[in-house]
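These notes are about the structure you will find just below.
The values are calculated or read from the model by the stated rules, or taken from the named source; none is laboratory data. Please read these numbers as outputs of a predicted model, since none were measured by experiment. So basically every Cβ, Gly included, is an ideal-geometry build from the backbone, and we count neighbours across all protein chains shown. Just so you know, the surface numbers come from the protein's heavy atoms only, side chains and all, with ligands and any DNA or RNA stripped out. Shrake-Rupley method; radii C 1.70, N 1.55, O 1.52, S 1.80 Å.
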Amino acid sequence: MRKPLLAIVLFALLPLWAYAKQWSPDYELRVGKEAAAEVEKKWKVVTDEAQQKQLDEIATTIAAVCDRPGVKYTVKIIDEKEVNAFSLPGGFVYVTAGLLKDVQSVHELAGVLAHEITHNTFYDALERADKSKKLFMGSLATAIGALILGAEGDKLSAVLAAGEYIRLGVLSQYSMKVELRADQGAVRYLIASKRYDPVGMLTFMERLAAEERHKPKVELGVYADHPDTDERVRQIISQLEAAGADINRRAVTKWEPPKVEEKDVEGRKLAVLSLWGVEIMRSDYAPEGQTAVKRLEAVAEKLRLALADGIEDYQITADTKATPPRVMAGKDELIAVTPQDAAVAGVSATDLTSRIASNLGAAMHKENLNRWW
């Protein structure tokens, strides 16, 4: 399982040596500071101590295991609703307020920052700038030359701003090849951190892919201008599998737990267990000293724990040979179906057991469809 990941690591490291010879640390930092100054002219920097502390912790952790650990990363929040993040030369990273609202866990946020840090380790912003031939009002070659020759700061800033270097050159809108490499590096760094779950990178990307399926012509912020996000999702899954990672999407996203409600059905009060809008079962039976609602709440808690552990639909089974028949989540019993439960459903206990397992499978299939679409 380690060999593919090792090959990825070695392959990813090769270009770094060549890039390091081309871009000096002083040059990179000077470009970054000038670009950062332009960013902060265009967008208001948001001050939020709790969010800033979290961003700094993530950046420090990822930087320690990245391919250029000597770079000091400075992460700032800008007042922008669009879901976006971008890195500038010299270790300057910006995330939008919209992104912070969109991510569903610290692991997803770490995935975004790791992606941007990877761009920096490969000098992607500088490479893209160097390869761009024209600005709206000048050339990037002129900007680079101005830096080398020690141009005045205001002149340099004007050149950089004129060509949309800030808006288009460094807003993570690189070629597909470069983006795939940044995704690959991000997963490596997250695994190496031993603190952030790399599956967060996957779930964030899957949501963006789902957005593309609904609105293929709309730019999607941090991963904009790349039509084949599905390819990137496939690469991340392949890399996680090669690394032996446990792909539990619920561990890094927000999800609604199963719920139990008491409902009046044809004059009878029944406890109803549902999951993601799918009714799983209903019953009015409870052991002595308990209520039907409490009984199904205990079942709901077992189910919640199984879901949190990453149970998949194929692991939900109906053991109809047991007495009484049982619905299983892997090796654990979710519920033993009683004759009273069967009477409410109007079927045999074994048939009801199979139906409950089928309903759970339908709910989990719905979860997958919601993730995909």
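Once all protein chains are placed together, Leu305 keeps about 80 Å² accessible to a 1.4 angstrom probe. Largest to smallest in accessible area, the residues Tyr73, Tyr189 fall in the order Tyr73, Tyr189 (1.4 Å probe, all protein chains included). Within a straight-line Cα-Cα reach of under 18 Å, Lys33 can be paired with the following aspartates and glutamates, leaving aside sequence neighbours fewer than 8 residues apart in one chain: Glu116, Asp124, Glu127, Asp130, Glu152, Asp154, Glu164. Per-residue accessible area (protein heavy atoms, 1.4 Å probe) orders Tyr285, Tyr27 as Tyr285, Tyr27, starting from the largest. Size check on region 224-373: the Cα extents along the three principal axes, sorted descending, read 58, 31, 26 Å. Per-residue SASA remark: His214, around 120 Å² accessible (1.4 Å probe; ligands, DNA and RNA not included). These residues, Trp276, Trp23, go from largest to smallest accessible area, 1.4 Å probe, as Trp276, Trp23. Can you grab the distance from the C-alpha centre of region 300-373 to the C-alpha centre of region 35-94, Å, no decimals? Value for the Cα centre distance between the two parts: 45 Å. Site pair Glu297 and Ser358 shows an inter-label distance of 3.1 nm when each label is modelled 7 Å from Cα along Cα→Cβ. Take region 264-334 with all the other protein chains still there, run a 1.4 Å probe, and you get 57 Å² of accessible area per residue.
The length gained on full extension between Asp130 and Thr74, counted as 0.36 nm times the residue separation minus their Cα-Cα distance, comes to 17.8 nm. Pairs exceeding a 28 Å alpha-carbon distance, out of Lys177/Lys366; Lys254/Lys302; Lys263/Lys366; Lys81/Lys254: Lys177/Lys366. Taken along the Cα-to-beta-carbon direction at a fixed 7 Å, the label points for Gln52 and Gln340 span 5.9 nm. With all pairs of different C-alpha atoms in the average, the Kirkwood value for the hydrodynamic radius of region 75-116 is 10.2 Å. For region 173-216, the carbon plus sulfur part of the accessible surface works out to 55%, probe radius 1.4 Å.
Using heavy atoms of the protein chains and a probe of 1.4 Å, the accessible area assigned to Arg30 is about 110 Å². Computed from the Cβ-Cβ distance with R0 of 22 Å, the FRET efficiency linking Asn370 to Asp246 stands at 0.55.
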